[in-house]
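Beneath this line is the structure, given in structure tokens, with notes to follow.
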Amino acid sequence: MKKIRIAAAAAAVIVIALIVFIFVIINSNTYITEGEVKITQLKKNARILRDGKGMAYIYAQNLHDALFAMGFATAQDRLFQMEISRLVSRGRISEMLGEKGIQTDKKMRTLGFYKNAEKHSQILSSRTKQFFQWYIDGVNEFIINHKDDHHMKFNLAGIEPEPWEIEDSLCLLYYMGWNSAGDINTEIIAQMLVEKLGAKKAGEIFPVNTHPGEKHAALPTGEKYNMKQAGIDWRQVLHDQKLQSIMEADSGFRVGSNNWAVSAARSRSGKPVVANDTHLDARIMPGPWYPCALIMPEERIAGASIPGIPAIIAGRNTNVAVGITNSYGDAQDLYIETIDPDNPEHYMEGSRSIPFKVRTETIRIKDKDAPGKTREQKIRIRSTKRGPVVSGVLKGLDTKHVITMRWSPFDSMTPSLGIRDLMFAESTAQVKKALSSVTTIMLNFVFADIHGNIGWQTTGRIPVRTHGESIAPLKVENETDNWSEWIPYPAMPQEYNPAEQWLGTCNHKTVPEDYPYYISSQFSPSYRYRRLRELMGEGRKLSVDDHWAFQRDIKNLMAKKIAPVMAESLAGHDDTKEMSGILSDWDYKETRDSVATALFHAVYREFLYQTFEDELGKELLDTFADKGYFWKERLEQMVLSGGSSWFDDIATEKRETMEDIFHRAAVSAKSGLEKQFGEDPEKWQWGRLHKLEFINPVARDGFLKDILGGGTHPMGGSAETLYRAMYSYTDPFDVTLSASLRMVADLGDPDKVAAVIPCGIAGRLFHDHAKDQTDAFMNGDKLYWWFSDKMIKDHTRQQLVLNAGK
């Protein structure tokens with residue numbers, strides 16, 4: 001009994017200590033949101049009002065003060081997130097993570113985001129520099145003069161924030177842009193397939209990119225792309241650490257998304273509506289977007305920005321609403337360069353031997369055993385005329401090669417970034433003009449104005465290639481530049497005021513086969529856009545509630561095509577007959593409690609592996625499988641055609657059919673589900689397999705993960721539904737990419753914008769607004785960004801006056 005009392009007392013002491021610890025953290029991790037602070041850099045007094053979500057509404061008399069206050073408020077809420085983004089994009093994350101960060105730092109230094117940001121800052125116009133500097137001055141006011149209000153996470157991570165610079169913001173812009181231009185993965189996979197299978201056989205499984213307006217997709221082949229084997233063992237490519245690092249998407253900024261606009265004729269309010277849900281990796285709290293509003297005597301804008309960049313790019317001002325998606329414009333090329341056999345410090349262009357350009361970078365690495373707790377590692381980065389070397393040395397049959405990378409934003413820097421003019425555009429014509437200066441990122445902008453106009457415009461600079469379409473690395477054989485010019489901006493994909501009275505993009509192929517330029521070989525399958533077309537219907541007027549529901553639509557049109565074939569293939573086998581019945585009764589809506597959804601995804605994943613593993617092998621197939629844009633529409637066509645030589649397992653004497661492979665896949669999937677959930681199919685619910693977990697960056701594992709994180713949430717949908725919820729085929733089925741923002745901006749509503757983010761405004765531990773939007777985000781409830789003075793006033797909970805002291 002005495003031991004029990006001692007144990008109980010000890011437990012009570014631990015609980016009390018934990019409560020005290022949390023109380024101390026909460027009270028030492030706050031910042032000033034009420035009262036008054038003196039800031040002499042302001043021209044006039046400004047105010048930061050905060051609503052019940054903690055969102056900042058900045059009232060200022062001029063743009064200088066508004067941007068200064070925006071930078072200040074952003075740093076209050078998201079400074080730790082900004083610092084992490086800066087360390088990653090500049091190639092300095094080893095200073096925080098130690099050895100675990102070295103490969104990321106090598107990648108970022110090699111790609112050269114910060115080096116090019118320094119170069120770009122030198123050519124910015126004074127107007128653009130001024131715009132950035134006003135915001136940065138506000139960030140630095142918080143960093144330098146409000147150290148007591150810094151985030152507790154800095155102490156836990158063992159780092160200190162440094163003053164922000166224009167180059168840091170530009171570096172983040174390049175980092176985001178890199179993740180929007182995803183063709184490098186396609187090129188590397190295509191080359192590995194060609195090296196292993198030969199051009200003809202590999203071409204049979206090259207991507208099929210379907211334009212929704214065409215009945216039949218083009219069937220690309222190795223011959224179409226003039227593919228050749230470079231004589232490199234594909235295993236070298238697969239195992240090259242540098243190349244694999246380049247292929248990895250960076251958490252937070254993998255860009256997908258849906259956006260659309262409807263004209264006044266299709267809107268219940270009588271004014272156009274813009275809807276946007278941006279698909280990024282939202283698992284890391286607090287999420288990539290920072291909503292805020294700027295209100296000045298002649299201007300106001302409410303929307304979402306990336307912390308560290310003074311750009312509200314999804315939202316609305318008084319006259320215009322804007323939303324974004326990734327266009328996947330192919331602004332990247334890889335090149336196979338031949339090393340001079342007589343001089344490994346040179347590369348060949350035909351018969352010419354040219355020295356590599358070499359630069360040395362020093363990485364600082366956190367190391368508790370080193371003097372000063374830090375050690376240094378120098379890395380040597382080589383470049384050719386085309387760009388940096390992004391691979392190790394790859395041995396060919398009789399030569400050695402390296403792969404280099406070229407990316408258009410580094411070749412197309414402009415004095416204006418278009419941000420300022422975009423934020424305060426008064427019409428779709430002004431939006432279009434502003435976007436002509438956006439060269440750092442390949443996006444689909446959809447927008448509307450109060451005059452009733454709607455539009456869609458792609459951004460970035462896409463090269464016109466002398467060798468045609470680019471689906472694999474180009475072997476350099478002479479000094480000819482394969483980029484002859486840029487696609488002219490007026491010829492970039494776009495549409496204005498269509499007869500259908502609506503337009504939209506879902507990362508799909510937006511140009512028809514007769515479009516005169518090559519845009520990309522990588523697009524999202526067209527299922528989401530096709531579903532959006534179904535929902536839009538014929539002429540029906542739509543409300544904000546309708547658009548909000550569309551963003552959460554869970555009908556899978558890929559499954560609608562494939563599941564009946566799957567069910568028929570399983571119906572004739574006793575061990576899969578029950579599964580066939582479940583799939584046959586399915587309405588293709590991927591609810592959290594749907595058993596059919598779980599069956600479909602589990603079987604189809606196995607079907608992919610059963611189809612290709614015999615020819616590709618497990619290692620290459622794993623890389624192939626996780627790049628769904630490469631194979632999904634191609635495999636669909638193979639299934640719907642009913643037969644393909646790829647269905648035959650070359651490891652057996654029997655000639656397998658598609659039905660055989662579906663049955664084999666279903667048996668394997670069934671076994672896995674039974675092991676995980678038991679033999680009763682009613683327990684095989686999609687939400688039990690398919691979950692979204694929000695993780696605090698300072699507690700990714702261990703017992704603090706659950707305490708500091710945002711919880712694990714069963715989720716419906718998949719990669720092919722408008723309610724996006726992607727998962728990895730090599731590590732199924734947890735969600736890796738989903739909406740990071742949902743927004744519906746009705747230009748007929750002067751008071752508010754419907755919007756929600758996954759976690760919350762504040763990126764601070766135990767803060768009231770760290771995860772207070774999660775329930776609404778998961779359940780589909782609408783929250784709002786307030787727009788009119790009256791609604792902002794009615795919902796203000798705190799006010800901080802920034803006193804200019806003049």
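The values are calculated or read from the model by the stated rules, or taken from the named source; none is laboratory data. Quantities reported herein were computed from a predicted structural model and do not represent experimental measurements. We place every Cβ from the backbone using ideal geometry, glycine too, and count neighbours over all the protein chains shown. Just the protein is used for accessible areas: all its heavy atoms, side chains included, with ligands, DNA and RNA removed. Shrake-Rupley method; radii C 1.70, N 1.55, O 1.52, S 1.80 Å.
Of the residues making up the range 440-458, those that are touching a helix residue (DSSP H, G or I) at 6+ places or on another chain (Cβ under 8 Å) and among the hydroxyl-bearing types (Ser, Thr, Tyr) number 1.
In the range 390-402 there is at least one residue that is touching a Gly at 6+ places or on another chain (Cβ under 9 Å), in a strand (DSSP E or B), open to solvent by less than 30 Å² (accessible area, probe 1.4 Å) and modelled with pLDDT under 95.
Residues being touching a strand residue (DSSP E or B) at 6+ places or on another chain (Cβ under 8 Å), within 29 Å of residue 688 (Cβ to Cβ), at pLDDT 95 or above and open to solvent by 60 Å² or more (accessible area, probe 1.4 Å) are represented in the range 588-603 by at least one member.
Which residue is farthest from residue 625 (Cα to Cα), if the candidates are limited to the range 648-685 and must be open to solvent by less than 40 Å² (accessible area, probe 1.4 Å) and in a loop (DSSP other than H, G, I, E, B)? The extreme case among them is 678. In the range 714-722, is there at least one residue being of a type in the set (S, T, N, Q) and touching a His at 6+ places or on another chain (Cβ under 8 Å)? Taking every residue of the range 714-722 in turn, at least one turns out to be of a type in the set (S, T, N, Q) and touching a His at 6+ places or on another chain (Cβ under 8 Å). Screening residue 148 with (1) over 25 Å from residue 392 (Cα atoms); (2) touching a helix residue (DSSP H, G or I) at 6+ places or on another chain (Cβ under 8 Å) gives one miss only, at (2).
With respect to the conditions (1) open to solvent by less than 10 Å² (accessible area, probe 1.4 Å); (2) in contact with a Gly (Cβ under 8 Å, 6 or more places away or on another chain), residue 495 falls short on a single one, namely (1). Among the strands (runs of 3 or more DSSP E) confined to the range 406-466, the ones with at least 3 residues that are out of contact with any Asp or Glu (no Cβ under 6 Å at 6 or more places or on another chain), crowded, with 22+ Cβ neighbours inside 10 Å and not polar (S, T, N, Q) are located at 443-449.
Tally the residues that are free of Cβ contacts under 8 Å to residues at least 40 places away in the same chain and surrounded by 14 or more Cβ atoms within 10 Å (Cβ to Cβ), restricting the search to the range 146-161. Give the steps one after another, and end with the answer.
Step one: of the range 146-161, the residues free of Cβ contacts under 8 Å to residues at least 40 places away in the same chain are 147-148, 155, 160.
Next cut, surrounded by 14 or more Cβ atoms within 10 Å (Cβ to Cβ) only: 155.
So the count comes out to 1.
Residues in the range 773-805 that are open to solvent by less than 50 Å² (accessible area, probe 1.4 Å), under 15 Å from residue 749 (Cβ atoms) and touching a helix residue (DSSP H, G or I) at 6+ places or on another chain (Cβ under 8 Å): how many? Residues meeting the conditions: 2. Residues in the range 463-483 that are in contact with a helix residue (DSSP H, G or I) (Cβ under 9 Å, 6 or more places away or on another chain) and either at pLDDT 95 or above or farther than 30 Å from residue 234 by Cβ (or both): 463, 483. In the range 748-772, the residue that is least open to solvent (accessible area, probe 1.4 Å) out of those that are closer than 27 Å to residue 723 by Cβ and free of Cβ contacts under 8 Å to residues at least 40 places away in the same chain is 756. The criterion of at least 2 residues that are modelled with pLDDT of 95 or more, at negative phi and within 26 Å of the chain's Cα centre (by Cα) is met by the following helices (runs of 4 or more DSSP H) wholly inside the range 686-804: 686-689, 774-779.
Might you check whether a residue that is assigned to a helix (DSSP H, G or I), hydrophobic (A, V, I, L, M, F, W, C), modelled with pLDDT of 95 or more and within 24 Å of the chain's Cα centre (by Cα) occurs anywhere in the range 630-647? Please lay out each step first, then the result.
First pass over the range 630-647, keeping only residues assigned to a helix (DSSP H, G or I): 630-641, 645-647.
Cutting the leftovers down to hydrophobic (A, V, I, L, M, F, W, C) gives us 630-631, 635, 638-640, 646-647.
Filter again for modelled with pLDDT of 95 or more, leaving 631, 635, 638-640, 646-647.
Still in the list and also within 24 Å of the chain's Cα centre (by Cα): 631.
Yes - at least one qualifying residue is present in the range 630-647.
In the range 117-146, the qualifying residues are those that are under 28 Å from the mean Cα position of the chain (by Cα) and of a type in the set (Ser, Thr, Tyr), and the one that is farthest from residue 37 (Cα to Cα) is 121. Restricting attention to the range 71-87, the residues that are of a type in the set (A, V, I, L, M) and surrounded by 24 or more Cβ atoms within 10 Å (Cβ to Cβ) add up to 4. In the range 362-381, the residues that are free of Cβ contacts under 8 Å to residues at least 24 places away in the same chain reach residues that are open to solvent by 100 Å² or more (accessible area, probe 1.4 Å) and not aliphatic (A, V, I, L, M) with C-beta atoms within less than 8 angstrom, at least six apart or across chains, in these pairs: 362/376; 362/378; 375/364; 376/364. Among the residues of the range 263-288, those identified as under 15 Å from the mean Cα position of the chain (by Cα), hydrophobic (A, V, I, L, M, F, W, C) and open to solvent by less than 10 Å² (accessible area, probe 1.4 Å) are 280, 282. For the range 321-334, how many residues meet the condition of being touching a Leu at 6+ places or on another chain (Cβ under 8 Å) and either modelled with pLDDT under 95 or crowded, with 24+ Cβ neighbours inside 10 Å (or both)? Residues in the range 321-334 being touching a Leu at 6+ places or on another chain (Cβ under 8 Å) and either modelled with pLDDT under 95 or crowded, with 24+ Cβ neighbours inside 10 Å (or both): 7 in total.
Condition (residue is more than 15 Å from residue 600 (Cβ to Cβ), in contact with a helix residue (DSSP H, G or I) (Cβ under 8 Å, 6 or more places away or on another chain), among the hydrophobic types (A, V, I, L, M, F, W, C) and without any contact (Cβ under 8 Å) to a residue 40 or more places away in the chain) applied to the range 661-677: is it met by at least one residue? Among the residues of the range 661-677, at least one is more than 15 Å from residue 600 (Cβ to Cβ), in contact with a helix residue (DSSP H, G or I) (Cβ under 8 Å, 6 or more places away or on another chain), among the hydrophobic types (A, V, I, L, M, F, W, C) and without any contact (Cβ under 8 Å) to a residue 40 or more places away in the chain, which makes the answer yes. Scanning the range 502-515 for residues that are surrounded by 18 or more Cβ atoms within 10 Å (Cβ to Cβ) and either at pLDDT below 95 or out of contact with any Asp or Glu (no Cβ under 8 Å at 6 or more places or on another chain) (or both) yields 502, 504, 505, 506, 507, 508, 509, 510, 511. Scanning the range 416-456 for residues that are within 21 Å of residue 280 (Cβ to Cβ) and touching a strand residue (DSSP E or B) at 6+ places or on another chain (Cβ under 6 Å) yields a total of 8. When the residues of the range 294-320 are filtered to those that are among the polar types (S, T, N, Q) and open to solvent by less than 10 Å² (accessible area, probe 1.4 Å), the one that is nearest to residue 137 (Cα to Cα) is 305. Looking only at the range 727-747, count every residue that is of a type in the set (Asp, Glu) and either crowded, with 24+ Cβ neighbours inside 10 Å or farther than 27 Å from residue 685 by Cα (or both) and tell me the total. The total comes to 1.
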